[in-house]
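The values are calculated or read from the model by the stated rules, or taken from the named source; none is laboratory data. Computed from a predicted model, the values in this text were never measured in an experiment. Methodologically, a virtual Cβ is constructed for each residue, glycine included, from the backbone with ideal geometry; neighbour enumeration extends over all protein chains shown.
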Amino acid sequence: MEFQSRRLLFREFEPGDYANFSSVFSNELVMRYAHMDLITKEAAMRSYFDKVLQNNVAEKDRMAYEFAVFTITEPCFIGFADIDLEVGNPLGTEGNIGYFLLPDFWGKGYATEMASALLDFFFPRLRLQKITAWCNAENHASERVMQKAGMKKEGELHNARFKHGRWYNELQYGISYQTWLQRHKS
């Protein structure tokens, strides 16, 4: 599966993408605020990458979609984007998006474009009722990305994330399908 936004190409990871994948999850700057820890061991990185590849071929009851993200004009790998689905009910399923951008591409609007593209692709495709995103409360850049993508702050969980030897607060942002649809009609 693949799709595009104005400047970016999103495609599922392929076996030859290991170096790109590893460049995200082994980068201290990228992983500084991430919920998961920096991956430093080759076996752990390979295991995670293999899990992503296996997930890409799942055809039934798929609960996650992970993408390698490239610039379109000069094909260049810039990061990772994903959506995880919650167990749905007959009235709708919720998705949670994530995005990791390599430092060379920070400050160029790519993260906002990644988050917005995930909303625009998955709301209609999967008929989701709501999409959320989370970030470390000290990650002001990620919080701005969620705001620019049209998401609203829904709460703050105190001492919800343990990293680097201390507890951090976590922010939750979200947008409903109805709100997303209204934004696209105007």
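Here are the numbers for the structure shown:
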quantity: Of all residues making up region 91-111, the number that are assigned to a helix (DSSP H, G or I) and small (Gly, Ala, Ser); calculated: 1
quantity: Which listed residue is in contact with a Phe, Trp or Tyr (Cβ under 8 Å, 6 or more places away or on another chain) and over 23 Å from residue 20 (Cβ atoms), from 138, 94, 66; calculated: 138
quantity: Single residue of region 123-145 satisfying the filter (among the hydrophobic types (A, V, I, L, M, F, W, C) and free of Cβ contacts under 8 Å to residues at least 60 places away in the same chain) that is surrounded by the fewest Cβ atoms within 10 Å (Cβ to Cβ); calculated: 141
quantity: Members of region 41-77 found to be modelled with pLDDT of 95 or more and over 14 Å from residue 12 (Cα atoms), listed by number; calculated: 41, 42, 43, 44, 45, 46, 47, 48, 71, 72, 76
quantity: Complete set of residues in region 136-156 that are closer than 19 Å to residue 95 by Cα and among the polar types (S, T, N, Q); calculated: 136, 142, 147
quantity: Selection count where residues are more than 11 Å from residue 81 (Cβ to Cβ) and either in contact with an Asp or Glu (Cβ under 9 Å, 6 or more places away or on another chain) or among the aliphatic types (A, V, I, L, M) (or both), scope region 101-117; calculated: 1
quantity: Candidate set: region 97-116, residues that are free of Cβ contacts under 8 Å to residues at least 60 places away in the same chain and closer than 21 Å to residue 18 by Cα; chosen: the one surrounded by the fewest Cβ atoms within 10 Å (Cβ to Cβ); calculated: 104
quantity: Residues satisfying the stated conditions in region 72-87, i.e. within 23 Å of residue 135 (Cα to Cα) and either in a loop (DSSP other than H, G, I, E, B) or under 10 Å from the mean Cα position of the chain (by Cα) (or both); calculated: 79, 80, 81, 82, 83, 84, 86, 87
quantity: Qualifying strands (runs of 3 or more DSSP E) (wholly inside region 112-186; at least 3 residues being closer than 25 Å to residue 10 by Cβ and at pLDDT 95 or above); calculated: 128-136, 166-176
